[in-house]
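Visitor: What follows is a single structure, and I will ask about it in a moment.
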Amino acid sequence: MTAIEAPGLLTFTIAIVVFFAGAGLNRIIPPLRRWNIPEAVTGGLLAAVLTLIAYVGLGIEIGFSLDARDLLLLYFFTGIGLNAKLDDLISGGRPFLVLLGLTLAYLVIQNLIAAGSVAALGLPKGITPFLGSASLIGGHGTTIAWAPIIAQRFGLANALEVGIAVATLGLVVASLVGGPIAGFLISRHQLSGPSAPDPVVGLPDDPDDKPVDDISHIGLLRTLLVLNVVILIGYALEETVAETGVKLPLFVVCLLVAIVVTNIVPRLIPAIEWPTRSRALALISDLSLNIFLAMSLMSMQLWTLGGLGPALVVVLAAQTIAAIAYIVFAVFPAMGGNYQAAVISAGFTGISLGATPTAIANMTAVTKLHGACAQAFIILPLVSAFFIDIANAFAIGFMAR
């Protein structure tokens with residue numbers, strides 16, 4: 001087996017090519033666009049399949065340096081925070097609480113499905129968290145954190161491999177089903193977004209690939225300066241937050257700092273040109289998200305899924321069906337049965353099966369086609385990247401007793 005790892009700049013360049021490949025496929029294959037599949041997902045999955053072919057057919061293991069990916073994630077979530085107006089946050093109080101309650105309820109449902117499946121199929125008890133919220137709601141990060149503890153406690157030598165495989169497959173499924181779910185709900189209930197919305201993530205697609213407006217280099221540089229300053233503040237505060245005993249991902253710290261800054265600075269200095277809801281910020285956010293997602297998906301090692309036995313595939317299929325049913329019959333009506341509820345439904349696949357960036361990518365694909373929905377981009381990351389992680393830690397700890 002020959003191992004090859006692409007360095008940082010080459011990885012970044014390949015990710016751009018992967019995105020354009022996905023955009024081309026979405027243009028050639030209309031159902032991909034109609035089902036709101038993000039371009040980065042289409043291209044990223046294609047690249048992952050090609051690396052799988054290289055691994056199986058040629059004996060070459062291709063890896064990628066992902067240092068730039070973390071910075072892109074910070075840019076994206078900081079941009080989301082800069083778009084958070086106080087009025088949106090106030091009006092988002094009830095939807096936020098409803099979504100949090102729905103997510104907590106589904107965490108319990110997901111783990112009950114995992115526990116029932118383990119008992120019915122005669123699988124080792126210790127594998128339960130990795131067929132439930134540890135790998136699916138928690139994703140790769142939670143899986144990696146808990147695998148050594150569960151492996152030691154239950155004597156599961158392959159706990160990490162199983163958890164990573166389930167999290168990877170969940171990410172793929174979440175990327176593919178979120179857009180179609182929203183498309184189905186929008187079509188069935190004849191929903192639409194605002195006719196002339198302020199941009200949040202990305203600019204509307206132009207069918208002829210023509211520029212939709214003039215975005216000056218001054219506007220882009222001003223927006224990048226604000227983003228960088230907020231991220232630096234986030235870096236400075238991360239350690240302070242950790243000392244309080246609250247463990248937050250850096251991108252959540254930057255998101256919260258951006259929310260505070262964007263609701264204070266423009267009021268203190270009214271003359272300043274602030275980037276909230278600007279097309280420059282929407283463009284930077286879209287670029288960051290797409291390249292982040294392309295990097296994440298193209299770097300998936302699909303050959304690790306080969307160790308999954310038929311029983312595990314059956315459990316994952318059951319989890320996917322349960323997630324779709326829960327979204328359509330619980331999340332959508334509980335969130336109001338309107339356009340915002342449909343957008344959040346697309347994002348809920350990332351909460352239930354994948355990861356927060358996947359949820360945002362699904363929502364972005366929907367809003368670029370049907371219209372903006374600013375509030376969804378605020379409340380969903382706070383639920384999926386902060387509050388649910390705390391609850392998930394308790395749930396995993398209970399299962400790992």
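The values are calculated or read from the model by the stated rules, or taken from the named source; none is laboratory data. For clarity, every value in this text was computed on a predicted model and none was experimentally measured. All Cβ positions, glycine included, derive from the backbone under ideal geometry; neighbour counts span all protein chains shown. Accessible surface areas use protein heavy atoms only, side chains included; no ligands, DNA or RNA. Shrake-Rupley method; radii C 1.70, N 1.55, O 1.52, S 1.80 Å.
Visitor: Here's a check for you: in region 73-104, which residue that is open to solvent by less than 60 Å² (accessible area, probe 1.4 Å) and without any contact (Cβ under 8 Å) to a residue 60 or more places away in the chain is farthest from Tyr326 (Cα to Cα)?
Guide: Only one residue tops the list, namely Gly93.
Visitor: Going through Gly354, Gly337, Gly347 one at a time, which residue ends up being outside any helix (DSSP H, G or I), under 19 Å from the mean Cα position of the chain (by Cα) and not hydrophobic (A, V, I, L, M, F, W, C)?
Guide: Testing whether each residue is outside any helix (DSSP H, G or I), under 19 Å from the mean Cα position of the chain (by Cα) and not hydrophobic (A, V, I, L, M, F, W, C) leaves just Gly354.
Visitor: Also, quick follow-up: Quick one: what pairs do we get from region 29-52, first residue touching a residue at least 12 places away in the same chain (Cβ under 8 Å), second in a loop (DSSP other than H, G, I, E, B) and open to solvent by 10 Å² or more (accessible area, probe 1.4 Å), C-beta under 7 Å, 6+ apart or different chains?
Guide: Pairs found: Ala48/Met300.
Visitor: Kindly check whether there is at least one residue in region 315-329 that is of a type in the set (Val, Ile, Thr), closer than 23 Å to Phe76 by Cβ and open to solvent by less than 20 Å² (accessible area, probe 1.4 Å).
Guide: Scanning region 315-329, I find no residue that is of a type in the set (Val, Ile, Thr), closer than 23 Å to Phe76 by Cβ and open to solvent by less than 20 Å² (accessible area, probe 1.4 Å), so the answer is no.
Visitor: If Glu243 satisfies every condition in (1) modelled with pLDDT of 85 or more; (2) more than 22 Å from the chain's Cα centre (by Cα) but one, which is the exception?
Guide: So the condition that Glu243 fails would be (1).
Listed here are the residues, each with its yes/no results for (1) of a type in the set (A, V, I, L, M); (2) modelled with pLDDT of 90 or more.
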residue	(1), (2)
Val18	yes, yes
Leu32	yes, no
Leu50	yes, yes
Ala68	yes, no
Gly81	no, no
Leu86	yes, no
Leu89	yes, no
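Visitor: Something else now. Is there a residue being surrounded by 14 or more Cβ atoms within 10 Å (Cβ to Cβ), in contact with an Asp or Glu (Cβ under 9 Å, 6 or more places away or on another chain) and modelled with pLDDT of 85 or more anywhere in region 35-43?
Guide: The answer is no; no qualifying residue exists.
Visitor: In the set Gly101, Gly43, Gly63, which member is farther than 19 Å from Tyr339 by Cα and under 19 Å from the mean Cα position of the chain (by Cα)?
Guide: Exactly one of Gly101, Gly43, Gly63 is farther than 19 Å from Tyr339 by Cα and under 19 Å from the mean Cα position of the chain (by Cα), namely Gly43.
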